[in-house]
Amino acid sequence: MGEIMSIIYILWLRQLKRYSRSRARVLASLAQPLLFLFAMGFGFGPTYQKAGNGSYIQFLAPGIMAMAILFSAMFSGIEILWDRQFGFLKETLVAPVARIQIVLGRTLGGATVAMIQGMIVFCFCLIAGFRIQHYDLLPVAVVFMFLIAMLFTAVGTTVGSLVEDMQAFPLVMNFLVMPMFFFSGALFPVANLPRVLKGVLRLNPLTYGVDGLRGALSHGFVFGLGADLVCLGMATAMLLGVGNYFFSRIEV
């Protein structure tokens, strides 16, 4: 058990070191969430307020935090392609350890980096005018952030294990990332949507992460705290299994 934890810790620490050394990655991953926050938050704010829904920043901020975590977590999968290209992945895979340990270490590292990104965006949201309404539910919000980060780091691991072309990876990721973000309720309320669109949102695991963050920090839960935790937790466990399966099939 001690050896397993040591391997996971080493891989987790390696992911953090990569993050700390890449200032360009930090700035690039923050640019899009902050653009959405300030451009849409203040641009659509007056219209949203005139409709009688209150502050749009208050509604939008949890979705932007989820967006920052989503993008950072999923694009961590490109590191598998870098490691494969430069030979580090081969050295890792031939080590006498179970590949599930490698997957867990990489996933925890990527999820930690994604949560740091989410926390940074959270600070900018406070500067933009967002206010926490449920301080007692802050630990619940952190749990949702962690589950979102784990889920989409696992998705990134799956895509990185299947795709061998470095240029194809961003195209595949954008094909997955943008629809999942826009159809998650991050930018618009879920309650009054048409039945078909509401059904699409219910199939998206990010919907439950956004609803959980929004319910814990500001507005109430649309689907309920229990439903959000169960659906997001089950999706995370399933994608971790899928990511481990495809990562295990990588040939050295």
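The values are calculated or read from the model by the stated rules, or taken from the named source; none is laboratory data. Please read all numbers here as calculations on a predicted model, not as lab measurements. Here the Cβ is made from the backbone with ideal geometry for all residues, glycine too, and neighbour counts use every protein chain on show.
Numerical summary
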quantity: Condition met for Phe183 (of a type outside the set (D, E, K, R), surrounded by fewer than 23 Cβ atoms within 10 Å (Cβ to Cβ) and within 17 Å of Leu60 (Cα to Cα)); calculated: yes
quantity: Residues that are in a loop (DSSP other than H, G, I, E, B) and of a type outside the set (S, T, N, Q), drawn from the stretch 194-222; calculated: Pro194, His219, Gly220, Phe221, Val222
quantity: Pairs with Cβ under 7 Å, 6+ apart, first in the stretch 131-153 and at pLDDT below 95, second of a type in the set (Ser, Thr, Tyr) and assigned to a helix (DSSP H, G or I); calculated: Leu147/Thr236; Met150/Thr107; Met150/Thr236; Leu151/Thr236; Thr153/Ser76; Thr153/Thr107
quantity: Test for Phe181: is it over 15 Å from the mean Cα position of the chain (by Cα), of a type in the set (Phe, Trp, Tyr) and assigned to a helix (DSSP H, G or I); calculated: no
quantity: Yes/no for Phe246 being of a type in the set (A, V, I, L, M, F, W, C) and at pLDDT below 85; calculated: yes
quantity: Pairs, first closer than 19 Å to Gln32 by Cβ and touching a residue at least 12 places away in the same chain (Cβ under 8 Å) in the stretch 50-65, second among the β-branched types (Val, Ile, Thr) and outside any helix (DSSP H, G or I), C-beta under 9 Å, six or more apart; calculated: none
quantity: Selection within the stretch 14-61 - at pLDDT 85 or above and within 26 Å of Pro170 (Cβ to Cβ); calculated: Pro33, Leu34, Leu35, Phe36, Leu37, Phe38, Ala39, Met40, Leu60
quantity: Selection status of Pro170, touching a helix residue (DSSP H, G or I) at 6+ places or on another chain (Cβ under 8 Å), surrounded by fewer than 15 Cβ atoms within 10 Å (Cβ to Cβ) and assigned to a helix (DSSP H, G or I); calculated: yes
quantity: Filter result (charged (D, E, K, R) and surrounded by fewer than 19 Cβ atoms within 10 Å (Cβ to Cβ)) within the stretch 200-252; calculated: Arg202, Arg249, Glu251
quantity: Condition met for Val121 (modelled with pLDDT of 80 or more and either assigned to a helix (DSSP H, G or I) or over 16 Å from Val143 (Cα atoms) (or both)); calculated: yes
